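Worksheet: one structure, shown below.
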Amino acid sequence: RRHPELHPGVRRTLERRVRAWKAKHGPDREIIFRQRHEPGRRGLSDFADATGLGVTVAGKPLAHKLYHFRLEHSGFCHAAVVLGGESFVALAGGLQDALWLRLLFSAFASILFDVLRRALAGTRVARATAGTLRLKLLKIGARVTVSVRRVRAAMDSAHPYADAFARVHARLRA
């Protein structure tokens, strides 16, 4: 017996109630808490002690920390070396650097898509959104061959947007 201190009538009642509950509710179920990462909602910021990495300057160990910033939705990361402690100045400087870098990448992407749109004039994806252009023209599988003189990318001839890709390539080379 599992619990000898229980009176036999109490134990049978408990076992009967447990069986009834299991019959009604079934076995234990796994519970999943979905995480939604919405764009522009959250950035993660942290300092890490990097003194133990063994970095030396003039033969002496460098006491430093790493500031790490990550945007939750996109996964964009930025890290910076901080000499000193976890101060507001270090936090503000690291965050400002990370956000300026993100702004720089966004400006570069905007210029890239502007050039793509001009090169796509007259094609069926000329008025597509940036997300569609990224999916149809930039995130494609290709075999890349690297030689001493050039880099070649060979894509599948059956790709539905091969004509648009070839047109963009020809216009950008001209």
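The values are calculated or read from the model by the stated rules, or taken from the named source; none is laboratory data. Model, not experiment: these values are computed from the prediction. Note: ideal-geometry Cβ built from the backbone for every residue, glycine included; neighbour counts use all protein chains shown.
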task = Answer yes or no: is there a residue in segment 12-20 that is of a type in the set (A, V, I, L, M), under 20 Å from E86 (Cβ atoms) and surrounded by 10 or more Cβ atoms within 10 Å (Cβ to Cβ).
result = no
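Search segment 64-83 for residues being assigned to a loop (DSSP other than H, G, I, E, B) and in contact with a strand residue (DSSP E or B) (Cβ under 8 Å, 6 or more places away or on another chain), and hand back the single one that is farthest from S106 (Cα to Cα). Write out each step before concluding.
Initially, segment 64-83 is screened for residues assigned to a loop (DSSP other than H, G, I, E, B), giving 72-76.
Next, from what is left, pick out any that are in contact with a strand residue (DSSP E or B) (Cβ under 8 Å, 6 or more places away or on another chain): 72, 76.
Values: E72: 16, F76: 11 Å.
Among those that are assigned to a loop (DSSP other than H, G, I, E, B) and in contact with a strand residue (DSSP E or B) (Cβ under 8 Å, 6 or more places away or on another chain), it is E72.
Which of the residues spanning segment 84-95 are part of a helix (DSSP H, G or I) and surrounded by 12 or more Cβ atoms within 10 Å (Cβ to Cβ)?
Result: A90, L91, G93, G94, L95.
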task = Identify all residues within segment 123-148 that are touching a residue at least 24 places away in the same chain (Cβ under 8 Å) and not β-branched (V, I, T); write none if there are none.
result = R124, K136, L137
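Any idea which of R70, R36, R41 is among the basic types (K, R), exposed (fewer than 10 other Cβ atoms within 10 Å of the Cβ) and either at pLDDT 90 or above or farther than 30 Å from A162 by Cα (or both)? Give the derivation first.
Values: R70 fails: exposed (fewer than 10 other Cβ atoms within 10 Å of the Cβ); R41 fails: exposed (fewer than 10 other Cβ atoms within 10 Å of the Cβ).
One residue alone meets the criteria, R36.
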inquiry  = Taking the criterion of being within 27 Å of L99 (Cβ to Cβ), among the aliphatic types (A, V, I, L, M) and touching a Ser or Thr at 6+ places or on another chain (Cβ under 9 Å), would at least one residue in segment 43-62 satisfy it?
reply    = yes
